[in-house]
Amino acid sequence: MFFRNVLATLVALVIFFMAAFFLFIIAAGIITATGDKPVDISDNTILHLKLDRPILERSVENPFGGLVMVGASAGYGLNELKQSIRRAAQDDRIEGILLEPEFVYAGLAKLYELRKELESFKESGKFIIAYSEYLTESEYYLASVADEVYLPEEGILEFNGFRAEYNFIKGTLDKIGVESEVFRAGEYKSAVEPFTRTEMSDASREQTEAMLDSFYKTYLNDISRTRQVTQDDLRTVADSMLATHAKDALQYDLITDTKYFDQVIEELKEITGVDSAEKLKSVRINPYLKSTESLFDGSERIAVVFADGEIINGKGDANYIGSESLSKQLRKLRQDDRTKAVVLRINSPGGSSLASDVIWREVLKTAEEKPIIASMSDIAASGGYYIAMACDSIVAQPMTLTGSIGVFSMHFSAEELLEDKLGITTDVVKTGMLSDVFTMSRPFTEYEKELFQRSADETYQTFLKKAATGRSLTVSQVDRVASGRIWSGVQAKQHGLIDELGGLEDAISIAASAAGLEEGAYKLRYYPRQKTFVEQLMTELTGDYEESKIKSTLGDFYPLVQQIRNLQNYQGLQMRLPFDITIH
């Protein structure tokens, strides 16, 4: 009886706390959602773009509006940002944009795409004023598109060029007694180098320098055009860090003037005819989007499928592209008569060779039924390129990182670690000579090495042949720009690896034209289905929250630790981007 009462009490407590928890969430949503509800927009309103969260491919749907998720996934969707800017350009009630980039976390291609949308906004005759207290290269790239760029008197500008930084863990493996055995096809396929070298190979350095130089030229060209400062002058300022403070940035014409935020607000009031004593009329991104109608109101559909993350076998999630999940989605769209065309939006460094090939097959089958266009975001390399090459057309941004046509596989032998350092010995009973080929307790034999190298070479030839077919090139033409080499979007266009330079909207326009659809005569549908708020919340509380704690604890060491943790994803043949590249 006693235990039954105790159990009943515990159950009641669990139910109570769960109910209280969800009531708290609902209450918090009600309290904080007001900022994201549709609002009445009056004339002379300013669209306030305060970019203080990561820029993702698409926003996370949240029925509680302004309730911010606790993990790293909370951010602005590039798609939604561009949509709000595009609508504002056509909205007579919107006078201009106040752009506040604050610690923007986004890839170069996303920044380029967003910047182009802001440039298009200015063509409507409306203004953009940018303000920030601290501008890194990323923030300044966006801010420089504005008519006026302001920093406070003690504001800081980081303008010193790009760098690509790689981490090598061979020294760590040597210390713990783990030996890596590598099998690759492609001279430039340097994704294995962190495990076999302590510095970049000549081939890796060559391709990285060429790619980074291409990105930097695009970056400087865009800033030069809008700030009317020559590229040579910009290089001089960056190379010697001549403009780290606001007064120096003003001297070299990188900003318009020094102003504090209250002064910027007063300027906006004056422009919009608001009395100084009144409140500036402004609206944020989310409530503005909810207060306006969709730009695409037709009855026909174009599907935009987001493929974001590493490519793995099986089902994917928010961070991984699963071959099973994406193939199933493409199959449904191929069989859906209402869907007239598909745009495959790719942001992926690649991954499993097998999974990439499974997805490629579904893309090919889809292309036989209806137009399918690839739109490349920040990265669409190796396996990310593989799943694009069967599309009818490939569209990439100048600062997209793509190519890396190559293959590798790896094996790790922990014999020294086990026996010499831990005192663990291994014995085995097997039915065949190669039954224990995947054990980590011993290195590969010469025969096994030949076997795995032959497999890599054969898969590489398959990659070349399918790329040649998809791009209407010869195998030798593809081979000359393959070998695992990475390219910028500009370089990829020059070598015939992509068709057009442009963003998602350009890919959608190409898809609509291929399907015979006129502008405004179709709706956009986005896939895959986003998780419900409860699903997102539980993921955040269990997974991303723990991950965010790890990130905050490790700081700058997190990418290195993540690289080691990702070794479990290197099983089997891989079509993966060289290193985990971070460009600063």
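Bear in mind these aren't lab numbers, they're just calculated from the coordinates by the rules spelled out. Note that this is a predicted model, so its numbers are computed, not measured. Note: ideal-geometry Cβ built from the backbone for every residue, glycine included; neighbour counts use all protein chains shown.
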* Please list, in chain and number order, the residues 5+ apart from residue 321 or on another chain whose amide H is under 5 Å from its amide H, with Hs placed from the backbone. => 310, 311, 312
* Per-residue HN-Hα couplings for region 276-291 [Karplus 6.51, -1.76, 1.60; θ = phi - 60°; Hz; x = Gly/Pro] -> 4, 7, 8, 8, 5, 7, 9, 9, 7, 4, 4, x, 5, 4, 6, 9
* **C-alpha center-to-center spacing [region 252-271, region 327-360] in angstrom** => 47
* Sort 131, 252, 460, 216 so that the residue with the fewest other Cβ atoms within 10 Å of its own Cβ comes first and the one with the most comes last. => 252, 216, 460, 131
* Asked: residue 381's amide H: which non-local residues (gap 5+, or another chain) put their own amide H closer than 5 Å, with H modeled 1.01 Å from N in plane and none for Pro or chain starts?
  -> 348, 350
* Structure fact -> Phi-derived 3J(HN,Hα) across region 188-193 with the Karplus relation (6.51, -1.76, 1.60, θ = phi - 60°), rounded Hz, x for Gly and Pro, is 8, 6, 9, 4, 8, 4
* Mind giving me the nanometre distance, one decimal, between the label points for residue 284 and residue 158, set 7 Å out from Cα along Cα→Cβ? => 2.5
* Structure fact -> When 48, 411 are arranged by how many other beta-carbons sit within 10 Å of their Cβ, fewest first, they go 48, 411
* Asked: Which far-off residues, 5 or more places away or on another chain, put their amide H under 5 Å from the one on residue 304, with H placed in the peptide plane?
  -> 343, 525, 526, 527
* Structure fact -> For residue 50, the lysines lying under 23 Å Cα to Cα, once residues fewer than eight places off in the same chain are dropped, come out as 37, 82, 110, 116, 122, 126, 259, 269, 279, 281, 290
* Distance (nanometres) between label positions extended 7 Å along Cα→Cβ at residue 236 and residue 337 -> 6.8
* Structure fact -> Applied in sequence order to region 314-328, the curve 6.51 cos²θ - 1.76 cosθ + 1.60 (Karplus, θ = phi - 60°) yields integer Hz couplings, x standing for Gly and Pro, of x, 7, x, 8, 5, 10, 9, 8, x, 4, 5, 5, 5, 4, 4
* Asked: In what order do 365, 465 fall by count of nearby beta-carbon atoms within 10 Å, going from fewest to most?
  -> 465, 365
* Structure fact -> Once the dipole of region 118-187 is set up from charges on Cβ (+1 Lys and Arg, -1 Asp and Glu), the residue from the list 120, 171, 141 lying farthest towards its positive end is 171
